1. Quick one: residue 101 ticks every box in (1) without any contact (Cβ under 8 Å) to a residue 40 or more places away in the chain; (2) within 22 Å of the chain's Cα centre (by Cα) except a single one, so which number is it?
2. Is it the case that some residue within the stretch 123-139 is in a loop (DSSP other than H, G, I, E, B) and either of a type in the set (D, E, K, R) or within 13 Å of residue 48 (Cα to Cα) (or both)?
3. Which count do you get for residues in the stretch 154-165 that are in a loop (DSSP other than H, G, I, E, B) and more than 16 Å from residue 118 (Cβ to Cβ)?
4. I'd like to know if the stretch 119-127 contains one or more residues that are under 23 Å from residue 61 (Cβ atoms), at pLDDT 85 or above, touching a Pro at 6+ places or on another chain (Cβ under 9 Å) and surrounded by 15 or more Cβ atoms within 10 Å (Cβ to Cβ).
5. Residues in the stretch 55-71: is at least one under 20 Å from residue 157 (Cα atoms) and more than 15 Å from the chain's Cα centre (by Cα)?
6. Going by the conditions given, is residue 143 polar (S, T, N, Q) and at pLDDT below 80?
Amino acid sequence: MKMLLYSLGIILFVSCNWRTYKPSIDNRDYSKKVMGWKAKYAADTAVKKVKFYNIPRPMIAAGKIYVLGNTIFQNDIGKGIHLIDNASPSNAQRVAFIELGGNTDISIKGNYLYANNYNDMVVIDITNITAPVEIKRFKGVFNTMDTQRPYTWQAPPDTGFYECPKYFNDSMIVSWVKDSVQQFCQRRF
């Protein structure tokens, strides 16, 4: 009986012609434009800079927090790092800001802050917290799409059509804006 069921299973499996499966026909009209996401590019030299401001800025997109002594370092996703004076925890105050475009993560070891600046990793000496200094940059450490091109690809912020990314040796995508685009690329999730 087992042999008969096994044989029937094999026959059923083999008789199914799985090669006749046809995916849904792509009915996009590539000559028409639709509302979608268009990439904004900027030169590497313009966006990959560390700037220090002795005045606080409002938090836009709160990220990770790192505490060192009486100072809190809080990541503002994509913008940089807020320095917060926590000498009086009930009255913690933002006191400075390190502008670091494309920043999503931070870590501190000793007197060195490690952070990403788009696809580069930067090491910042924070010995003097009122005057941090970039001491080292590791270029292209965080290439996420194509390690052969010096370019960081950021996905559009929402689903739908978007302008297919272009590859440049000296610039990268820094943001996305709603605009009229052709129906080539599509983000579905």
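The values are calculated or read from the model by the stated rules, or taken from the named source; none is laboratory data. The structure displayed is predicted, hence computed values, not measured ones. Positions of Cβ are generated from backbone atoms using ideal geometry, with glycine treated the same way; all protein chains shown enter the neighbour counts.
1. Answer for residue 101: the failing condition is (1).
2. Within the stretch 123-139 (the criterion being in a loop (DSSP other than H, G, I, E, B) and either of a type in the set (D, E, K, R) or within 13 Å of residue 48 (Cα to Cα) (or both)), the answer is yes, since at least one residue qualifies.
3. 6
4. Checked against the condition, which is being under 23 Å from residue 61 (Cβ atoms), at pLDDT 85 or above, touching a Pro at 6+ places or on another chain (Cβ under 9 Å) and surrounded by 15 or more Cβ atoms within 10 Å (Cβ to Cβ), the stretch 119-127 yields at least one hit.
5. Within the stretch 55-71, one or more residues are under 20 Å from residue 157 (Cα atoms) and more than 15 Å from the chain's Cα centre (by Cα).
6. Yes, satisfied.
Yes/no per residue for (1) more than 25 Å from the chain's Cα centre (by Cα); (2) at negative phi; (3) of a type outside the set (Lys, Arg):
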{"residue": "88", "(1), (2), (3)": "yes, yes, yes"}
{"residue": "93", "(1), (2), (3)": "yes, yes, yes"}
{"residue": "105", "(1), (2), (3)": "no, yes, yes"}
{"residue": "118", "(1), (2), (3)": "no, no, yes"}
{"residue": "129", "(1), (2), (3)": "yes, yes, yes"}
{"residue": "133", "(1), (2), (3)": "no, yes, yes"}
